[in-house]
């Protein structure tokens, strides 16, 4: 069953439920939007059956009925909110969240008790689904209409405030105390009004019209933040995980780490021919492998010996150099009283020896501690290259043996 | 390399520069009368260091050196040792219990570096290490001048590369002279004790001297004796000839020489013995006029 047949079948099923044609069209359009995300090949790979289509049609019809019931209950709710928040009249109608989902979202983000990370993750999955569903339900036309209304409301509110400001300024120019009092009262009203309409910050009609706990967009954002901080402790899908290094990079101080991406090794099943060859060649391959391992062992030992040798040389240089420099300076100081030129020369030799000692010691230290340990990395890379090559060789051998079968 | 290391390297470079500048200042203050490495520099440019032996009342001298000429000169007005063109850190000079020991040492041997003596030998400063190759092209000498009043019991000299000369010495002194690669000269010296000479590659000259006995071995070189008194010779040349007053008498000789002295003598004196062996070379014996 391809996409066209699927949609036609769905429309037929919905017609059987005696839904109005516009509701059928919008529902089919929604479903089309869903299945368009999937490629034709993928859709054909897992084809939907007649039963699946019937079940989907039933779900759509159930939701349609629920929406009808909610619309019936809406006028009463509108009357109740009109007395406190008149802006709601200007707001576009947003599809009401089903009762069970609403309570669920409230439970997630209530401040009474902080939920356990496992609970949050379970609930997040549901919240995400809800957010996606809600986003899909709201069509583009409704969305643009809502934005236009918001902008219009904002403009009218700003115009009213400007008008009041102009009036207040005009009256403030007069020296009449009554006028001043009137201006002050006008100012107070203005401040109250601005505070009530949240213009002081950023005017958001949705924010004023709805409880934040009922807003799916806020719930989604909060869920995203919660997910970032809980993925490190739980085993969630890897695509949802955020690397700790990426979080540190925001600071800009932490060093940037190169993320190593290990190439996935192709898993090839060994054929009997391969295993026979493998076992028969073991008398050659095992000594060869051991020899390679021994070479790397010798390399590691050589690098370690170099480090020890340079460290020893550094210690010897420091000990001998310091002793000689001190001897030179002290002997020179004593000779200064007998023969000044010889004393000065000896002091000079002592100072220069101290400098040479320091220079050589710093160089030896840096060679031993900073430069030679890099050889370990070189050996590691070489080892990875050699052993990786051996692995590839065996994989290719497996493939070739598989082809011969 | 970390900034700390770079800072220390800069500091080290500054120290080196300061040290070199101080050395240059000290070196510029020296002259020939007060040179940097010795007591005095002569007109030929030889660096000479002297140590007085007057107060030590020497009885024995033991010298073991390499690449040095050693001269023992008697009948001097004063006893002293003169070291010419030898770096101070390359030899050890010590006088202990009336015995003078002079030897060549490895300048980098820690035991020879840390040597503080009561006399003037011993550690002489680090500056000598900067001029280790200074006397490479010059002849190094050790001259020991002995006054007549010194009564030396023995003089033992061993030189690897260099000549040994003993002259004008009078006294009952036992001599043991060994030159590995050099000549041995023994002249105008009188002793009632014996003289032992060993020259591996070099000539031996015995000139107008008197000894209580002589035992010599010359491996590669000639020997020349100028006798001023009668001796009982017992010499052998393995690959050479023996000439007695220009007369070739073959490869070996045993007998008293000069014979004429024995015939004329009113007093019968038992001649002192001279025993020697020359491996490769000739022996020339002359009678002093």
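Give the separation of the Cα centroids, the stretch B:33-85 to the stretch B:4-19, in Å.
Here the answer is 42 Å between Cα centres.
Restricting to bridges with both residues inside chain B, how much of the DSSP beta-bridge set is antiparallel, in percent to the nearest 5?
25 percent
Sticking to Cα atoms, compute the Rg of chain B to one decimal and its Dmax as the biggest Cα-Cα distance, whole number, in Å.
24.4, 98
Compute the label zone of residue A:278 within the stretch A:371-405: residues whose backbone N is under 18 Å from the point 7 Å along Cα-to-Cβ.
A:387-405, by backbone N distance to the label point.
At 7 Å along the Cα-to-beta-carbon direction for both residue A:268 and residue B:62, put a label point, then send me their distance in nm to one decimal.
8.3 nm
Need one number: nm distance between label points at residue A:377 and residue B:8, each 7 Å from Cα along Cα→Cβ, rounded to one decimal.
Rounded to a tenth, the inter-label distance reads 2.2 nm.
Only bridges whose two residues both fall in the stretch B:165-289 count here: according to DSSP, what percent of them are antiparallel, nearest 5?
Once the DSSP bridges in the stretch B:165-289 are tallied, antiparallel ones form about 15 percent.
Please arrange B:135, B:91 by counting, for each residue, the other beta carbons lying within 10 Å of its beta carbon, fewest first.
B:135, B:91
Using the basic label-point model (7 angstrom from Cα toward the beta carbon), what is the residue A:167 to residue B:196 distance in nanometres?
Taking the two extended label points, one gets 13.8 nm.
How high is the relative contact order of chain B, in percent, with contacts defined as C-alpha pairs under 8 Å that are six or more residues apart?
For chain B, the relative contact order is 13 percent.
Set the Förster radius R0 to 30 Å, insert the Cβ-Cβ distance between residue B:176 and residue B:76 as r into 1/(1 + (r/R0)^6), and round the FRET efficiency to 0.05.
Plugging the Cβ-Cβ distance into 1/(1 + (r/R0)^6) gives 0.90.
From Cα pairs below 8 angstrom and at least 6 apart in sequence, can you work out the relative contact order of the stretch B:34-183, rounded to a whole percent?
Here the relative contact order equals 32 percent.
More than 14 angstrom separation, counting every C-alpha pair in the stretch B:1-90; what % is that?
The answer is 78 percent, as a whole percent.
Can you pull the three principal axis extents for the Cα set of the stretch A:270-405, in Å, largest first?
Principal axes ranked by extent give 98, 21, 14 Å for the Cα atoms.
Could you tell me the relative contact order of the stretch B:128-284? Use alpha-carbon pairs under 8 Å, at least six residues apart, and round to a whole percent.
Value for the stretch B:128-284: 17 percent.
For the pair residue B:99 and residue B:239, what calculated FRET efficiency results from E = 1/(1 + (r/R0)^6), where r is the Cβ-Cβ distance and R0 = 35 Å, to the nearest 0.05?
It comes to 0.30.
Mind checking the full-extension length gain between residue A:17 and residue A:54? Use 0.36 nm per residue of separation minus the Cα-Cα distance, one decimal, nm.
Contour length minus Cα-Cα distance gives 12.3 nm.
Note down, for the stretch B:135-257, the three equivalent ellipsoid semi-axes (square root of 5 times each alpha carbon gyration tensor eigenvalue), biggest first, whole angstrom.
Those come to 25, 20, 11 Å.
Coordinate-derived values only; no laboratory data. A quick note: this is a predicted structure, and the numbers were derived from the prediction, not measured. FYI the Cβ positions are ideal-geometry reconstructions off the backbone, even for glycines, and counts take in every protein chain you see.
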